[in-house]
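Down below is the structure, laid out as structure tokens.
What follows is calculated from the coordinates using simple rules that are stated; it is not laboratory data. All values reported here derive from a predicted model rather than from experimental measurement. Cβ sites come from the backbone with ideal geometry, for glycine too, and all protein chains shown count toward neighbours.
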Amino acid sequence: MATLVDTNVLIDVAVRDPVWLKWSRSKIETARKHGSLIINQIIYAEFSMRYEMIEDVDDVLPEDEYRREGLPFEAAFAASRAFLIYRRQGGPREKVMPDFLIGAHAIIRGYPILTRDPAGFRKYFPDVELIAPDTHP
């Protein structure tokens, strides 16, 4: 089974976060044993902000370990629906759509999401399986 890996988990490993490194590394390895690790353009873009050159990003996220998958158009539409609900419930405009696009990608493709920040995914994509600290300690 493939797993969509959220940006926060990748950053934990890349920066060797003292609080989350062990958990994130362990969950990445477990997911890898069960199938492909997936990233999309949104995750890649969020992660890349810490680097000056694309080659540095690709060294940390090699394609043979992290399968790149384009965001399906159906996911873009699903993200817009979830974002509309968020806005109608009073969500501030400061929140942009990355998490909605990531959640929609997972729900459309049937992927679980490996994340440390499950709240938004749970609220707007309740059917997506989450691998998070509270469900997978």
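To one decimal place, what orientation-averaged projected area in nm² is obtained for the convex hull of the Cα set of the stretch 40-103?
If I average the Cα hull's projected area over directions, I get 5.1 nm².
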Q: First measure r as the distance between the Cβ atoms of residue 73 and residue 36, then evaluate 1/(1 + (r/R0)^6) with R0 = 22 Å and state the FRET efficiency to the nearest 0.05.
A: 0.55
Q: For helix 21-34, report the angle its Cα long axis makes with the longest principal axis of the Cα atoms of the chain; keep it between 0 and 90° and round to the nearest 10°.
A: 90 degrees
Q) Top mean-square fluctuation among 84, 71, 101, Gaussian network model of the chain, C-alpha springs under 10 Å? A) 84
Q | the chain, relative contact order in percent, only Cα pairs under 8 angstrom and at least six apart counted | A | 29 percent
Q) Helix 73-88 versus the longest principal axis of the chain: what angle, 0 to 90°, nearest 10, using Cα atoms? A) 60 degrees
Q) Seen from all sides and averaged, what is the projected area of the convex hull of the Cα atoms in the stretch 92-137, in nm²? A) 3.2 nm²
(Q) Which chymotrypsin sites (Phe, Trp or Tyr not before Pro) in the stretch 1-71 sit in a loop by DSSP (not H, G, I, E or B) and have at most 15 other Cβ atoms within 10 Å of their own Cβ? (A) 51
Q.
Could you compute Rg(Cα) / (2.2 N^0.38 Å) for the stretch 3-131, with N its residue count?
A. 1.04
Q. Add -39500 (n - 2.57) for each DSSP H run of 4 or more in the chain, then divide by its residues: what number comes out at 222 nm, to the nearest 500 deg cm²/dmol?
A. -15500 deg cm²/dmol
